[in-house]
Amino acid sequence: RKEVEQDPGPFNVPEGATVAFNCTYSNSASQSFFWYRQDCRKEPKLLMSVYSSGNEDGRFTAQLNRASQYISLLIRDSKLSDSATYLCVAFLEGNKLVFGAGTILRVKS
Amino acid sequence: NAGVTQTPKFRVLKTGQSMTLLCAQDMNHEYMYWYRQDPGMGLRLIHYSVGEGTTAKGEVPDGYNVSRLKKQNFLLGLESAAPSQTSVYFCASDGADSYEQYFGPGTRLTVT
């Protein structure tokens, strides 16, 4: 079983839609979690951190449920520029990150 | 401030050839990493370094070697390339007090 699992998608949504991605992790010792964004043929970049209390950054909301070992990312009012692959990431002791395989989002006009 | 740079950007090797990928960062980061990314697999850690002169194995270290002779540089070597090493290689770095890793633009390697 992969340490971090994501639905690969693709999620095809119209502009303005709300879309949610889910992610599960297997290592209960994981300390912190993140969402990274990766554009086609580019490097991953940090989108946002995920806190137990949930956090919001503009149109993006991330939530963590430690009991269920589950992380989510909600994108409201999708834009064409949101089209990318979203990587769920768990932080392990020793400054190591474990990446999910990513969820592809395509926003269409 | 260039961030993290990688050379080369593309390379085609024949089976059995060797090569070195260079990663450089100008952010004075302690930690550096080499990942490979394959379709459906996500990023997998090959080797990493927690400081100048130190290296450690990651999830998929076989067939690769690394060196960190200078704090700003992290080299990844393939001694005898195999087709299974066809991949996109990313270097990353972060500071000791930060969780955010900064990635280079990647090196696309094809082994025929």
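The values are calculated or read from the model by the stated rules, or taken from the named source; none is laboratory data. These figures come from a predicted structure and were not determined experimentally. Note: ideal-geometry Cβ built from the backbone for every residue, glycine included; neighbour counts use all protein chains shown. For the accessible areas, the whole protein counts, side chains as well, though only heavy atoms, and no ligand, DNA or RNA atoms are used. Shrake-Rupley method; radii C 1.70, N 1.55, O 1.52, S 1.80 Å.
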request  = Could you run through the stretch B:1-29 and say how many residues are of a type in the set (A, V, I, L, M), more than 15 Å from B:Ser49 (Cβ to Cβ) and outside any loop (DSSP other than H, G, I, E, B)?
outcome  = 3
note = A:Lys96: passes all of (1) within 11 Å of chain B (Cβ to nearest Cβ); (2) open to solvent by less than 50 Å² (accessible area, probe 1.4 Å) but (2)
request  = Six or more apart or on different chains, Cβ under 9 Å: which pairs go from a residue in the stretch A:93-109 that's under 15 Å from A:Ile75 (Cβ atoms) to one that's β-branched (Val, Ile, Thr) and open to solvent by 40 Å² or more (accessible area, probe 1.4 Å)? Could you list them?
outcome  = none
request  = With the condition kept exactly as written, say whether any residue in the stretch B:4-11 is open to solvent by less than 70 Å² (accessible area, probe 1.4 Å) and more than 12 Å from the chain's Cα centre (by Cα).
outcome  = no
query = Condition test on A:Ala62, is it surrounded by fewer than 18 Cβ atoms within 10 Å (Cβ to Cβ) and among the hydrophobic types (A, V, I, L, M, F, W, C)?
reply = no
remark   = When restricted to A:Ala29, A:Ala90, the only residue more than 10 Å from every other protein chain (Cβ to nearest Cβ), among the aliphatic types (A, V, I, L, M) and over 30 Å from B:Arg108 (Cβ atoms) is A:Ala29
ask   = Somewhere in the stretch B:80-89, is a residue modelled with pLDDT of 95 or more, touching a Ser or Thr at 6+ places or on another chain (Cβ under 8 Å), within 14 Å of chain A (Cβ to nearest Cβ) and not in a loop (DSSP other than H, G, I, E, B)?
value = yes
ask   = Do you know which residues across the stretch B:70-84 are touching a residue at least 40 places away in the same chain (Cβ under 8 Å) and either open to solvent by 10 Å² or more (accessible area, probe 1.4 Å) or among the charged types (D, E, K, R) (or both)?
value = B:Lys71, B:Gln72, B:Asn73, B:Leu75, B:Glu79, B:Ser80, B:Ala82, B:Pro83
Search result, residues across the stretch B:88-112 that are open to solvent by less than 10 Å² (accessible area, probe 1.4 Å), within 16 Å of B:Thr7 (Cα to Cα) and in contact with a Leu (Cβ under 9 Å, 6 or more places away or on another chain) = B:Tyr89, B:Phe90, B:Cys91, B:Ala92, B:Thr107, B:Leu109
task = Take the residues in the stretch B:32-69 that are more than 19 Å from A:Gly94 (Cβ to Cβ), within 10 Å of chain A (Cβ to nearest Cβ) and in a strand (DSSP E or B), then tell me which one is least open to solvent (accessible area, probe 1.4 Å).
result = B:Asp38
